[in-house]
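The values are calculated or read from the model by the stated rules, or taken from the named source; none is laboratory data. No experiment lies behind these values; they were computed from the predicted model shown. For neighbour counting, all protein chains shown are included, and Cβ atoms are generated from backbone atoms with ideal geometry for every residue, glycine included.
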Amino acid sequence: MEQALLYVAAALMLGFGAMGAAIGIGTLGGKFLEGAARQPELIPVLRTQFFVVMGLVDAVPMIAVGLAMYVMFAVAG
Amino acid sequence: MASETLTTSEYIRHHLTNLTFGRLPDGGWAFAHNADEAASMGFWAFHVDTLGWSAALGVFFVLLFRQAAKGATAGVPSGIQNFAESVIEFVDSSVRSSFSSRNPLVAPLALTIFLWVFLMNLMDLVPVDWIPWALGDHGLGIVHFMKVVPTTDPNATFGMAFGVFFLILFYSIKIKGVGGFAAELTLQPLGKWFLPFNFVLEGVGLIAKPVSLSLRLFGNMYAGEMIFILIALMYGASIAVGTFGVLLQLSWAIFHILIITLQAFIFMTLTIVYLDMAHQEHH
């Protein structure tokens, strides 16, 4: 039972993290494309900022992924 | 290892274990032979592979740039000089755009962080089994475990983040004074009548900086290495599955190049931004 719960925990962490990351980065990417369509000459500048913010939005989901992998493989076996 | 055949979970566990040297519960100092022994060492466990690889890569970075600096000419630049100059220009423009005060420490710190984290992450592209086999049971037989990517060890990432946190506190107190720093923590965003509430809010924000800095890097690298290990499992199945594994390894490695560079860049940029926030008066 404990083993099964550990797997469910890892699955929840991964699932919610993926949902949050997908919604956040999707919205961010949409705004980036909007901005790029308005002012194509600013694309390099916007692209740098896009990657910076993507790294920040991705941070907590990635932390969740790291911990979920640890639970799934190093704890649950 | 007693038997030569491993189950998949044993293989994965083996590749997730650091080479640990520490004090065993009976008082003797030795390398841990398995993960349970390593856990029993508690505080007195040194991850020798993390310490060794991070130190070696740091020395390599310093020697490489020293070579570029010593051989620098005003004429036609050599390859190393070109590389060093482009990296330094990149870091210089990043610092100039994010950091608005005067501090000669920040740009060299940013350069060190960027290249050191990048080099440590780059070790993830070496196939998972090569170095452990060469140094371990199939090769020289020196050590049982070897994790070559220091940034998959939360000790390494937290160590760097603590260094940045210490610098944030140091410069906050140096520029604003202890009173100014305390005022910034307790009098924002609501007035002085809400002091405990302000302190909790600002305290969480302050602690979140090093914690998120280190765990972001750790999470990305740990997940990436995990997937490399899972792909490496395919090589033991059959020729067909192994060939598919080669394709997967290649595509994941190419994607991982982006992640490696991006995470190093984000660590550097956030360090610069946090130090800038530490130097600025809030109003």
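Consider the range B:25-68. How many of its residues are surrounded by 13 or more Cβ atoms within 10 Å (Cβ to Cβ) and of a type in the set (D, E, K, R)?
2
Please work out which one of (1) more than 8 Å from chain B (Cβ to nearest Cβ); (2) among the aromatic types (Phe, Trp, Tyr); (3) over 18 Å from the mean Cα position of the chain (by Cα) is the condition residue A:50 fails and give its number.
So residue A:50 meets the others, but not (3).
Could you grab me the full set of residues in the range A:55-76 that are crowded, with 22+ Cβ neighbours inside 10 Å and in a loop (DSSP other than H, G, I, E, B)?
A:58
Do any helices (runs of 4 or more DSSP H) entirely within the range B:100-191 hold 1 or more residues that are modelled with pLDDT of 90 or more, and if so, which?
B:106-122, B:154-186
Taking the conditions exactly as written (exposed (fewer than 12 other Cβ atoms within 10 Å of the Cβ) and out of contact with any Gly (no Cβ under 8 Å at 6 or more places or on another chain)), does residue A:48 satisfy them or not?
no
From the list B:107, B:56, exactly one residue is under 24 Å from the mean Cα position of the chain (by Cα) and more than 20 Å from residue B:21 (Cα to Cα). Which is it?
B:107
Scan B:71, B:22 and give me the residue that is over 23 Å from residue A:73 (Cα atoms), away from chain A (no Cβ under 14 Å) and surrounded by 17 or more Cβ atoms within 10 Å (Cβ to Cβ).
Selected residue: B:22, the only one of B:71, B:22 that is over 23 Å from residue A:73 (Cα atoms), away from chain A (no Cβ under 14 Å) and surrounded by 17 or more Cβ atoms within 10 Å (Cβ to Cβ).
Within the range B:247-273, count every residue that is hydrophobic (A, V, I, L, M, F, W, C), facing chain A (nearest Cβ under 10 Å) and more than 16 Å from residue B:223 (Cα to Cα).
Residues meeting the conditions: 5.
Return only the number of the condition from (1) touching a residue at least 12 places away in the same chain (Cβ under 8 Å); (2) surrounded by 12 or more Cβ atoms within 10 Å (Cβ to Cβ) that residue B:100 does not satisfy.
Among (1) touching a residue at least 12 places away in the same chain (Cβ under 8 Å); (2) surrounded by 12 or more Cβ atoms within 10 Å (Cβ to Cβ), residue B:100 violates only (2).
In the range A:34-45, which residue that is under 25 Å from residue B:264 (Cα atoms) and more than 14 Å from every other protein chain (Cβ to nearest Cβ) is surrounded by the fewest Cβ atoms within 10 Å (Cβ to Cβ)?
So, considering only residues that are under 25 Å from residue B:264 (Cα atoms) and more than 14 Å from every other protein chain (Cβ to nearest Cβ), the one surrounded by the fewest Cβ atoms within 10 Å (Cβ to Cβ) is A:42.
Counting just the residues of the range B:229-246 that are out of contact with any helix residue (DSSP H, G or I) (no Cβ under 7 Å at 6 or more places or on another chain) and assigned to a helix (DSSP H, G or I), which one comes out nearest to the other protein chains (Cβ to nearest Cβ)?
B:230
Return yes when residue B:281 is charged (D, E, K, R) and not in a helix (DSSP H, G or I) and no when it is not.
Yes; evaluated as a whole, the condition is true for this residue.
Of the numbered conditions (1) touching a residue at least 40 places away in the same chain (Cβ under 8 Å); (2) more than 14 Å from chain A (Cβ to nearest Cβ); (3) under 30 Å from residue B:166 (Cα atoms), residue B:221 satisfies every one except a single condition; which is it?
Residue B:221 satisfies all of (1) touching a residue at least 40 places away in the same chain (Cβ under 8 Å); (2) more than 14 Å from chain A (Cβ to nearest Cβ); (3) under 30 Å from residue B:166 (Cα atoms) except (2).
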